[in-house]
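Peer 1: First, the structure itself, so that you have it in front of you.
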Amino acid sequence: MALVRAAVAFGAMAALSAGTVQAAHAAPRPAASTPAGKARNLKSKIVTGRPMRKPIPLGSRRFAGPTPTVKVDILDRDGNAPPDANVSSVTFMAFGGGDWFDGTPVDGHVEGAIPAGDYAVQVRVKTDAKSGATSTTLVYRSKVSITADTSLTLDARQGRPVTASVDRADAGVKDLTVQLMQDLGSGPEGVAMDGGTNFYITPTGTDGGLTYTVQALLTRNGAETGSPYVYNLGAASPGIPADPALRARTSALAAVRTTYTGEGGPACGGSHAGADWGTGMVLLPFTGLGSLPTTRTEYFTPGLDWSTDEDVTGGDCGFGFDSTDVRSRSVNFPRAGSYTRGWSAAPLGPAAAAIYWSANSGPDAEPAMFVPMLSSADARSQIAPYANMTGTSTLRDAAGNVVATSDQPGTAQGWTAPAPGQYTLTIDAERSAAPRSDLATRQHDVWNLTVDDGPKVTLPALRYRTALDSGSRGKAGADQAVTVVPDGTDGTPTLRVSCDDGVTWKDVALHKDGTAWTGTVHNPSSGYVSLRTAVAGVVDQTVIRAYGVR
């Protein structure tokens, strides 16, 4: 494993394994809706990706071949058997792609018969201090050979503190998370995940390619909301190091001046960010921004893939599932230095998507179709159904007959593949009741589709980019450069504009600008500019009130 000199180090180590763990970038699938009655608050940490494997309870199966008995004694940080409520199950993870097993300790002891072989072993132990604080220790063994009856002691006193710090006096840890990845026979996979501000872990070797990864989020005094800066730190190491502390120098990080735009009404913002280590699971802790628009400096460990999002909700900062717009993107800053970026700059509209033909239906089924209807130029919108948006999605055959329909704009469940042929998908959306925004009040999008025997059909889109102020407004009466960016299509786009909410339209000439197309719009003296873009025979999309002027 190659190590690269960087700003973050474990203890006395002067290296960070940046990029040594390759991120998994699977083809995007539709984002599932939250089932009825299970509304969630987006201010919490988000975990995305596939979960870790579920162990089999010790003693629940019989196996052919040798099945030695393993006996495990567990000690907390005081050297005592922990109370049952303070210890997790003990998990045995078989090398060679075998099953995982777990057993529940009683009075600090667990035993049972398992197939002979090599295992990674883990347990979590809480220790209550006299001060009232409680620490958690992840006791991990990268490899234990169990070929005959075996006794183990998993001792939390061997744990070392996992901490994070930067060279800034008022920076405090808001979130700290450790993930372990190991190849147990079927490729690298996540095998453990834990963390917190009073967390310990036991050093161990590199068996099975064990990789220790840690990420930390630091803000001013550890505040959740309102910090003028955030530190997003990450580092990886082969095995669990003797000193797992995470330390960083500000001067060797990517310093990103980040603007969060408003959309014309009272709004509150937040964000999530997490390192993608290639385990198939990403943890994204939350920080609040406060009122929008706003700007803050965000520091990132360079050379890592970071999954990030922005959450925009009403002025009450509720961040409820049904009242929040979410946009996401992945970033990788290759080196330390200064960067700038922005979030949620209008115009908003669809991004490239797909229909996945499905035989499943019902409230918990994965959507067959999900179109990111409120995407900005460089971030895809998430979460369906959308907050404050109503409308329909309709699939028609070449004769105009309705084949499938949904009462949600941009999302549908249970759409099965129709007969091969030509079809159109039409999405009509209205967003007139969003108090935080007076933009993208209506959308009308039409795709021409060729359905064959494949599992999906793609939906290209046209994205928009133009320079606006922090409230998503252009200068009244000025000439405005508007760029149309094809997303999933090589066709030549056209552009029309309206200054009366789509009653009348005017053609705008476009010239090729690299991989995009740019034209000049003359802004009205007041009001809004609506956009209609198309690639003939592919997609035709309209957004009413794409941006405002003042």
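Peer 1: Can you tell me which residue within segment 74-86, out of those that are in a loop (DSSP other than H, G, I, E, B) and among the small types (Gly, Ala, Ser), is farthest from Pro57 (Cα to Cα)?
Peer 2: Gly79
Peer 1: Separate question: Can you confirm whether Phe101 is touching a helix residue (DSSP H, G or I) at 6+ places or on another chain (Cβ under 9 Å), surrounded by 12 or more Cβ atoms within 10 Å (Cβ to Cβ), under 13 Å from Ile146 (Cβ atoms) and in the same structural domain as Ala133 (by TED's automatic domain parsing)?
Peer 2: Numbers: touching a helix residue (DSSP H, G or I) at 6+ places or on another chain (Cβ under 9 Å): no; surrounded by 12 or more Cβ atoms within 10 Å (Cβ to Cβ): yes; under 13 Å from Ile146 (Cβ atoms): yes; in the same structural domain as Ala133 (by TED's automatic domain parsing): yes.
In short, no.
Peer 1: Also, I was wondering about something else. What about Thr137, is it in a strand (DSSP E or B), assigned by TED's automatic domain parsing to the domain that holds Pro57, hydroxyl-bearing (Ser, Thr, Tyr) and buried (at least 22 other Cβ atoms within 10 Å of the Cβ)?
Peer 2: The answer is yes for Thr137.
Peer 1: Of the residues Pro347, Pro285, Pro266, which is outside the structural domain of Lys475 (by TED's automatic domain parsing) and surrounded by fewer than 16 Cβ atoms within 10 Å (Cβ to Cβ)?
Peer 2: Within the list Pro347, Pro285, Pro266, the selection yields Pro266.
Peer 1: Next question, about the same structure. Considering only residues that are buried (at least 23 other Cβ atoms within 10 Å of the Cβ) and under 18 Å from Asp167 (Cα atoms), which ones fall in segment 237-254?
Peer 2: Listed by number, the residues that qualify are Pro244, Leu246, Ala248, Leu253, Ala254.
Peer 1: How many residues does segment 477-536 contain that are in contact with a Cys (Cβ under 9 Å, 6 or more places away or on another chain) and closer than 19 Å to His444 by Cβ?
Peer 2: 4
Peer 1: Now, a different point. Which count do you get for residues in segment 448-465 that are crowded, with 19+ Cβ neighbours inside 10 Å and under 15 Å from Asp490 (Cα atoms)?
Peer 2: Adding up the residues that qualify gives 5.
Peer 1: When you scan segment 452-465, do you find a residue that is within 28 Å of Asp500 (Cβ to Cβ), touching a residue at least 60 places away in the same chain (Cβ under 8 Å) and assigned to a loop (DSSP other than H, G, I, E, B), even just one?
Peer 2: Restricting attention to segment 452-465, the residues satisfying the condition of being within 28 Å of Asp500 (Cβ to Cβ) are 461-465.
With touching a residue at least 60 places away in the same chain (Cβ under 8 Å) added as a condition, the list becomes 461-465.
So of that shortlist, the ones also assigned to a loop (DSSP other than H, G, I, E, B) come out as none.
No.
Peer 1: Within segment 168-194, can you find the residues that are under 24 Å from Tyr231 (Cα atoms) and not in a strand (DSSP E or B)?
Peer 2: Those that are under 24 Å from Tyr231 (Cα atoms) and not in a strand (DSSP E or B): Arg168, Ala169, Asp170.
Condition check ((1) in a strand (DSSP E or B); (2) more than 19 Å from Gly195 (Cβ to Cβ)) across all residues:
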site	(1), (2)
Thr258	yes, yes
Gly269	yes, yes
Gly278	no, no
Leu283	yes, no
Thr295	yes, yes
Glu298	yes, yes
Pro302	no, yes
Val312	yes, yes
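Peer 1: Would you confirm whether or not segment 235-254 contains a residue that is among the β-branched types (Val, Ile, Thr), in contact (Cβ under 8 Å) with a residue 24 or more places away in the chain and in a helix (DSSP H, G or I)?
Peer 2: yes
Peer 1: Which of the residues spanning segment 370-399 are of a type in the set (Asp, Glu) and either assigned to a loop (DSSP other than H, G, I, E, B) or assigned by TED's automatic domain parsing to the domain that holds Asp540 (or both)?
Peer 2: Result: Asp378, single match.
Peer 1: Another one. In the set Pro363, Pro347, which member is modelled with pLDDT of 95 or more and part of a loop (DSSP other than H, G, I, E, B)?
Peer 2: Working: Pro363 fails: modelled with pLDDT of 95 or more.
Among Pro363, Pro347, only Pro347 is modelled with pLDDT of 95 or more and part of a loop (DSSP other than H, G, I, E, B).
Peer 1: Going by the conditions given, is Arg77 touching a strand residue (DSSP E or B) at 6+ places or on another chain (Cβ under 8 Å), basic (Lys, Arg) and modelled with pLDDT of 95 or more? It would help to see each step written out before you state the result.
Peer 2: Numbers: touching a strand residue (DSSP E or B) at 6+ places or on another chain (Cβ under 8 Å): yes; basic (Lys, Arg): yes; modelled with pLDDT of 95 or more: yes.
Criteria met by Arg77.
Peer 1: Here is a follow-up. So Asp194 ticks every box in (1) surrounded by fewer than 18 Cβ atoms within 10 Å (Cβ to Cβ); (2) within 21 Å of Pro285 (Cβ to Cβ); (3) in contact with a Lys or Arg (Cβ under 9 Å, 6 or more places away or on another chain) but one. Which box is left unticked?
Peer 2: (1)
Peer 1: Select from segment 496-550 the residues that are crowded, with 20+ Cβ neighbours inside 10 Å, under 19 Å from Ala461 (Cα atoms) and either among the aromatic types (Phe, Trp, Tyr) or without any contact (Cβ under 8 Å) to a residue 12 or more places away in the chain (or both) and list them in ascending order.
Peer 2: Listed by number, the residues that qualify are Trp517, Tyr547.
Peer 1: Residue check: is Thr426 more than 19 Å from Ala352 (Cβ to Cβ), modelled with pLDDT of 95 or more and hydroxyl-bearing (Ser, Thr, Tyr)?
Peer 2: no
Peer 1: On to the next question. Of all residues in segment 93-143, how many are in contact (Cβ under 8 Å) with a residue 40 or more places away in the chain, more than 19 Å from Phe199 (Cβ to Cβ) and touching an Asp or Glu at 6+ places or on another chain (Cβ under 7 Å)?
Peer 2: Number of matching residues: 2.
Peer 1: Does at least one position in segment 407-415 carry a residue that is under 17 Å from Tyr547 (Cα atoms) and surrounded by fewer than 22 Cβ atoms within 10 Å (Cβ to Cβ)?
Peer 2: We begin by selecting, within segment 407-415, every residue under 17 Å from Tyr547 (Cα atoms); these are none.
Checked segment 407-415: no residue is under 17 Å from Tyr547 (Cα atoms) and surrounded by fewer than 22 Cβ atoms within 10 Å (Cβ to Cβ).
Peer 1: For residues that are surrounded by fewer than 17 Cβ atoms within 10 Å (Cβ to Cβ) and either on the phi > 0 side of the Ramachandran plot or not in a strand (DSSP E or B) (or both), tally how many sit in segment 140-156.
Peer 2: Adding up the residues that qualify gives 3.
The values are calculated or read from the model by the stated rules, or taken from the named source; none is laboratory data. All values reported here derive from a predicted model rather than from experimental measurement. In this analysis, Cβ positions are derived from the backbone assuming ideal geometry, glycine residues included, and neighbour counts consider all displayed protein chains.
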